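Engineer: Submitted below is the structure of interest, expressed as structure tokens.
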Amino acid sequence: MLSFSPKCNHIHCMKQFVALLLLLIQYSVFSQDANTYEKPPVFPDCNNTKIDSLQTCFDKNVFKIIKENFKVPETVINDDYKGEVVVLFEVDTTGSFRVMYIDAIYNELKTETHRVFKLFPKVTPATYSGRKTFKQYSIPIKIPLEYFKLASSKDLAKENAIIEQEIVAKREFDSVTNSLTKYTNKALSSQLNIQFTHSDYARFDRAMNLVGTNSHTAQKPFLYEDVSKYHNFETERESLTKDTQTWAGQKLWNEHLVQLQSKDYWFTLDPIFDLQVGSDSEGGGTYNNTRGVLVQGGLGKKFNFYTTIFESQGRFADYVNQYIESIRASNSEPIVPGRGVSKRFKTDSYDYPVAEAYLSYSPAKFLNIQFGHGKNFIGDGYRSLLLSDVTSPHPFLKLNTNFWKIKYTNTFMWMRDVRPEVKEDGAFLTKYIANHYLSWNVSKRLNLGFFESVLWTDSNNRGFDINYLNPIIFYRAIEFETGQDAGNALLGASAKYKFSDNVNAYGQFILDEFSLGDVRAGEKSWKNKFGFQLGVKYYNAFNVDNLFLQFELNRVRPYTYSHNTIVLNYGHNNQPVAHLWGANFSEAVLIGRYRLNRWFADARFIFGTRGFDFNDGTDTFNYGGDIYRVEGDRPFDTGVEIGQGIKTKTFYGNLQGGYLVNPASNLKVFADITFRNFNPDITTTTLSKSNTVWFNFGLRTDLFNWYFDN
């Protein structure tokens, strides 16, 4: 086992040892072949020796001096020790012997070795091409000394090669430790996703939407690498750094709990918390208790990884709990919206573990590939009519290709239908979705987007249809080729226009089915299944820095996202994949956000009109709001309009304020209050009026969007 002198510190000794190892690799011990250009050190009695035998003569003299002078200490003899002392030494340009390093279990052996080498006489130094040079050697001294005898140069070379290999192996762990460098926030310029929350994305939304930028802001979540071109995360992080000198203070206010970095890799580890308590005016006390861990890192410059594991129990406002029960799975397991299948905890709460993870790889500057379990979002608004993050995490494969003024996103997703009527052999039904979205910066101000999606199931053992892996094919053509009822295809478009650096407008259009003849007839046919979004953003509103205002209008006609085949709806885990409300609705959204250093405040107001089914035993028609019902159950073919069925007026308001505790982990302390008024024209056993005031406060690692505005 190697050891260091107690007089040197760890870092200094390691540097010295690394240098010695490099020397050992470069010079083979006692096996250097003499030649006309290189000559080993020469003892006086070797002067008349032939040049090709000088090394052997040198070896014999070294062995002789050690054999005649080395005295094994009594301590070693009494312990009946059998082993060796490894000595690294050099002969300098003056011909003097100098011990560089000794590896021995006993300090007495080290002392004796130093003493013996001081007895070595000066010799003629080694030369290279006629010039004096240093020469380095290692030698094993066998204990007891009777085992210490001269071997052939070939045997010595083998033995010392093994010794050198063992020395390197014994120091491998320490070399890994000493390769670590100061952590420099490599995540902030990596191919990792910026955790998608609307509130946090507002920090850099303006920078990415300045007139003249070639950014693409619809495909979310963003990569740090892409956003860092417009927003300086390092400067932002430095401005938020608290001046604290203690380790605990740094970890609480500024740093990841664990952060390691070397030349070739880095990773961080943080605990996850979402600890909330509150009170609901209709249902009593509420709480959420989430604990978990987040690990992220990078290997080299092109590969990154991210994983989170959550263990949670919670009870929410009464209207949320009712929604959880209404979308429960076939085995009566409730589904927490945005989180997934849960089980009941105690008598009135839910236990919902969640894991999200992905691998991110950029084989070329223009391409990023991600495979994982999580959620994605397409759009510039608060809502998305194309692909949203309101549903539960799911497996996905995503390809982002960015070149010229184009960003092209392919997303392939594995979804589930968990209703009893579609359950197969006791297992949930698997569905597949493939999306294409092309974003084109037409000019410095105008961006256009084109969307295509298809959903299919494992009918006829079809599995994941390889036809849809083609990244540029038209899905509608494939749908016809494989059979018109084999899938559910959607088409969409988006646009954004920058009026100035502080104002831009955006919109989306989703088309599920369209009949030109029915449109011309003006009879409001059910076949015209489409929706649209219009919105505007105002940055630094009214010349107030960091004040962000947003207005958004969303309207989706009945039966949009549904299908005449029960499983081919645009949904996952009994939740919509696009808008939270499904279809048959109109809503207006007002949002305000403000930040000052670590303080933040958000306000959100939603006014909506929705249409619900009666489901009262006498009227069981599908009025187009529930995307999980087949459209063939409709009550009529014409006169279809938004709000049909049980027309319901809704209002949702949320005010939240808080403080960013740790920018590295995005840990926040917050308090919020929610006002919700739900007012259907007719009440049934499944639909009733409610007026909720929900107060909440807590400590949360903010990693995803909670949507309680259902």
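Engineer: Say we look at the stretch 91-109 and pick out the residues that are over 11 Å from ILE141 (Cα atoms) and in contact (Cβ under 8 Å) with a residue 60 or more places away in the chain; which of these is most open to solvent (accessible area, probe 1.4 Å)? Even if it seems obvious, please write down each step before you answer.
Structural biologist: Kept after step one, since they are over 11 Å from ILE141 (Cα atoms), are these residues of the stretch 91-109: 91-101, 105-108.
Next, only the ones that are in contact (Cβ under 8 Å) with a residue 60 or more places away in the chain stay: 100-101, 105.
Working: MET100: 40, TYR101: 19, ILE105: 113 Å².
Only one residue fits best here, namely ILE105.
Engineer: Can you tell me which residue among ASP633, ASP602, ASP613 is modelled with pLDDT under 95 and out of contact with any Cys (no Cβ under 7 Å at 6 or more places or on another chain)? Explain how you work it out, then say what you get.
Structural biologist: Values: ASP602 fails: modelled with pLDDT under 95; ASP613 fails: modelled with pLDDT under 95.
Being modelled with pLDDT under 95 and out of contact with any Cys (no Cβ under 7 Å at 6 or more places or on another chain) holds for just one of ASP633, ASP602, ASP613, which is ASP633.
Engineer: For LEU590, work out the one condition from (1) more than 28 Å from the chain's Cα centre (by Cα); (2) open to solvent by less than 40 Å² (accessible area, probe 1.4 Å) it doesn't fulfil.
Structural biologist: Just one mismatch for LEU590, condition (2).
Engineer: Among (1) open to solvent by 30 Å² or more (accessible area, probe 1.4 Å); (2) part of a strand (DSSP E or B), where does GLY698 come up short?
Structural biologist: Condition not satisfied by GLY698: (1).
Engineer: Taking HIS436, is it touching a residue at least 40 places away in the same chain (Cβ under 8 Å) and open to solvent by less than 50 Å² (accessible area, probe 1.4 Å)?
Structural biologist: Values: touching a residue at least 40 places away in the same chain (Cβ under 8 Å): no; open to solvent by less than 50 Å² (accessible area, probe 1.4 Å): yes.
No; evaluated as a whole, the condition is false for this residue.
Engineer: Being closer than 21 Å to PHE58 by Cα and under 57 Å from the mean Cα position of the chain (by Cα) is true for just one of THR93, THR111, THR124. Which residue is that? Spell out the reasoning first.
Structural biologist: On the way: THR111 fails: closer than 21 Å to PHE58 by Cα; THR124 fails: under 57 Å from the mean Cα position of the chain (by Cα).
Exactly one of THR93, THR111, THR124 is closer than 21 Å to PHE58 by Cα and under 57 Å from the mean Cα position of the chain (by Cα), namely THR93.
Conditions (1) open to solvent by less than 40 Å² (accessible area, probe 1.4 Å); (2) touching a helix residue (DSSP H, G or I) at 6+ places or on another chain (Cβ under 8 Å); (3) touching a residue at least 24 places away in the same chain (Cβ under 8 Å); (4) assigned to a strand (DSSP E or B), marked per residue:
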residue	(1), (2), (3), (4)
SER494	yes, no, yes, yes
GLN533	yes, no, yes, yes
PHE542	no, no, no, no
ASN554	yes, no, yes, yes
SER562	yes, yes, yes, no
ILE566	no, yes, yes, no
HIS579	yes, no, yes, no
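Engineer: Also, quick follow-up: Pairs needed: first member in the stretch 179-200, within 19 Å of GLN370 (Cβ to Cβ) and β-branched (Val, Ile, Thr); second member anywhere, at pLDDT 95 or above and not in a loop (DSSP other than H, G, I, E, B); C-beta distance under 7 Å; at least 6 residues apart or different chains.
Structural biologist: If the second residue must be at pLDDT 95 or above and not in a loop (DSSP other than H, G, I, E, B), the pairs left are ILE194/TYR224; ILE194/VAL227.
Engineer: Taking GLU159 and the conditions (1) open to solvent by 10 Å² or more (accessible area, probe 1.4 Å); (2) modelled with pLDDT of 90 or more, which numbered condition does it fall short on, given that it satisfies the others?
Structural biologist: For GLU159, the exception is condition (2).
Engineer: Restricting to the stretch 293-314, give me the number of residues that are free of Cβ contacts under 8 Å to residues at least 24 places away in the same chain and either among the acidic types (Asp, Glu) or assigned to a strand (DSSP E or B) (or both).
Structural biologist: So the first thing to find is which residues in the stretch 293-314 are free of Cβ contacts under 8 Å to residues at least 24 places away in the same chain, and the list is 301.
Still in the running and either among the acidic types (Asp, Glu) or assigned to a strand (DSSP E or B) (or both): none.
The qualifying residues number 0.
Engineer: Go through the stretch 249-270 and give me each residue that's surrounded by 13 or more Cβ atoms within 10 Å (Cβ to Cβ) and among the basic types (Lys, Arg).
Structural biologist: LYS251
Engineer: Listed residues TYR594, TYR570; which is modelled with pLDDT of 95 or more, farther than 23 Å from GLY645 by Cα and out of contact with any Lys or Arg (no Cβ under 8 Å at 6 or more places or on another chain)? Don't jump to the end; show me each part of the working.
Structural biologist: Details: TYR570 fails: farther than 23 Å from GLY645 by Cα.
Result of the check over TYR594, TYR570: TYR594.
Engineer: Sticking with this one: Scan the stretch 663-693 for residues that are among the hydrophobic types (A, V, I, L, M, F, W, C) and closer than 17 Å to ASN289 by Cβ and jot them down. Before you say what the answer is, go through the steps one by one.
Structural biologist: First, pick out the residues of the stretch 663-693 that are among the hydrophobic types (A, V, I, L, M, F, W, C): 664, 667, 669-671, 673, 675, 678, 682, 687, 693.
Correct list: LEU667, VAL669, PHE670.
Engineer: Can you find a residue that is at pLDDT 90 or above, of a type in the set (Ser, Thr, Tyr), open to solvent by less than 60 Å² (accessible area, probe 1.4 Å) and under 20 Å from LYS132 (Cα atoms) anywhere in the stretch 47-55?
Structural biologist: The answer is no; no qualifying residue exists.
Engineer: Quick one: would you say THR409 is farther than 30 Å from ALA364 by Cβ and within 27 Å of the chain's Cα centre (by Cα)? Walk me through how you get there before you give the answer.
Structural biologist: Values: farther than 30 Å from ALA364 by Cβ: no; within 27 Å of the chain's Cα centre (by Cα): yes.
Considered against the rule, which asks whether it is farther than 30 Å from ALA364 by Cβ and within 27 Å of the chain's Cα centre (by Cα), THR409 comes out as no.
Engineer: Related question: Identify the residue in the stretch 271-326 that is among the aromatic types (Phe, Trp, Tyr) and open to solvent by 20 Å² or more (accessible area, probe 1.4 Å) and, among all such residues, is farthest from ASN574 (Cα to Cα). Reasoning before the result, please.
Structural biologist: Going residue by residue through the stretch 271-326, those that are among the aromatic types (Phe, Trp, Tyr) are 273, 287, 303, 305-306, 310, 316, 319, 323.
Now restrict to residues that are open to solvent by 20 Å² or more (accessible area, probe 1.4 Å): 273, 287, 303, 305-306, 323.
Details: PHE273: 27, TYR287: 24, PHE303: 34, PHE305: 29, TYR306: 27, TYR323: 11 Å.
Among them, the one singled out is PHE303.
For every residue, the table says whether it meets (1) modelled with pLDDT under 90; (2) assigned to a loop (DSSP other than H, G, I, E, B).
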residue	(1), (2)
VAL62	no, no
THR93	no, yes
MET100	yes, no
THR111	no, no
LYS122	no, yes
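Engineer: Being in contact (Cβ under 8 Å) with a residue 24 or more places away in the chain and assigned to a helix (DSSP H, G or I) is the filter; apply it to the stretch 227-250 and report the residue that is nearest to SER362 (Cα to Cα).
Structural biologist: VAL227
Engineer: Kindly indicate whether any position in the stretch 211-219 is in contact (Cβ under 8 Å) with a residue 40 or more places away in the chain and under 13 Å from the mean Cα position of the chain (by Cα).
Structural biologist: No, there is no match, as no residue in the stretch 211-219 is in contact (Cβ under 8 Å) with a residue 40 or more places away in the chain and under 13 Å from the mean Cα position of the chain (by Cα).
Engineer: Taking the residues in the stretch 346-387 that are under 30 Å from LYS537 (Cα atoms) and touching a Pro at 6+ places or on another chain (Cβ under 8 Å) as candidates, determine which candidate is surrounded by the most Cβ atoms within 10 Å (Cβ to Cβ).
Structural biologist: Top of the filtered list is LYS375.
Engineer: Checking the condition hydroxyl-bearing (Ser, Thr, Tyr) and open to solvent by less than 40 Å² (accessible area, probe 1.4 Å), which residue from THR235, THR197, THR246 passes?
Structural biologist: Working: THR235 fails: open to solvent by less than 40 Å² (accessible area, probe 1.4 Å); THR246 fails: open to solvent by less than 40 Å² (accessible area, probe 1.4 Å).
Exactly one of THR235, THR197, THR246 is hydroxyl-bearing (Ser, Thr, Tyr) and open to solvent by less than 40 Å² (accessible area, probe 1.4 Å), namely THR197.
The values are calculated or read from the model by the stated rules, or taken from the named source; none is laboratory data. Computed from a predicted structure; not experimentally measured. So basically every Cβ, Gly included, is an ideal-geometry build from the backbone, and we count neighbours across all protein chains shown. What goes into the accessible areas is simple: the full protein's heavy atoms, side chains included, and nothing from ligands, DNA or RNA. Shrake-Rupley method; radii C 1.70, N 1.55, O 1.52, S 1.80 Å.
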